[in-house]
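Here the structure is laid out as structure tokens; the discussion comes afterwards.
The values are calculated or read from the model by the stated rules, or taken from the named source; none is laboratory data. This one's a predicted model, so the numbers in the text were calculated from it and none came from an experiment. For the accessible areas, the whole protein counts, side chains as well, though only heavy atoms, and no ligand, DNA or RNA atoms are used. Shrake-Rupley method; radii C 1.70, N 1.55, O 1.52, S 1.80 Å.
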Amino acid sequence: MPLQTNGNLSKVYVQGFVLEGFAGGLETQALLFAVFLALYMVTVLGNLLMIIVITLDAQLHSPMYFFLKNLSFVDLCYSSVIAPNALANFFSSSKVITFAGCATQFFFLSLMATTEGFLLGVMAYDRFMAICSPLRYPSTMCQSACTRLVLGAYCGGCFNSVVQTSFTFHLPFCSSNRINHFFCDVPPLLQIACGNTAINELLMFGICGLLLVAVTIVILISYGYITVTILRMGSGAGRRKIFSTCGSHMTAVTLFFGTLFVMYAQPGAIESMEQGKVVSVFYTLVIPMLNPLIYSLRNKDVKEALWRLGQKHMAMWRMC
């Protein structure tokens, strides 16, 4: 366990951290609690609904919705890593999180965030194959291939998470055990570390930047080919359907990667903690809440599946 030194330079073990969260009095904390609770409840309900609808509706048993179901699962886990503990801390006097609890939260946050990034790249590749190579699509994106792509996304997320967690929590924390954030994240942890954090910063910027660039290149190439294919289409209805599907995905990609770039892939991220808290709320709670809304409200197939599910349950309720 990392060591902390007191004023006499004697060594004491860090038993835990204090998550300072957001400044403000009781009214501010109550308002933030209500906002966080509302965001989290909508996130849970929206993503659970997407998972249930895609699982139960046979017409949505296709590669695109298989990936979307996994995205909803990741979003659900992603926000659940942060929100419950943050909600409990709003009215807590201690706001303490154990060292193991902090490392665990950090590990799963990194795992889910990285996995979501890879999944968004996989979804872009899926749309590329469906639109640009429709004849090869059934064989290329078969069930086993889709499963391997999803497992690869999780493995990539796990690799990044193991590296980031091991390097971060082997640092000595000497200056303080108070984390200027509402969850355990790299920038605030590096601020309170007393050792040399150059390698950690390089890892954060390097790995996050590399992942962002690699996935962004896959997405840009995929949508470059998709755009050319759309422009060659003679059917206006076909164009509109493709634009509707791809537009939802591009909206999700822009929101997710834009906030991650602001938070992790540029050098000013470590110093601007107050701005970082606001950005963190956006990518840990707002984006997981928006994703099911983006894909359901702009997707005709999902809306029809929701209607069929509603009609089915209404008929069953009338029979009872």
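Remarks
- Extent along principal axes [Cα atoms of the range 60-216; Å; largest to smallest]: 61, 35, 20
- Nonpolar atom fraction for the range 82-213, defined as the carbon and sulfur part of the 1.4 Å probe accessible area, stands at 70 percent.
- Compactness index (Cα Rg / 2.2 N^0.38 Å), the range 49-118: 1.44
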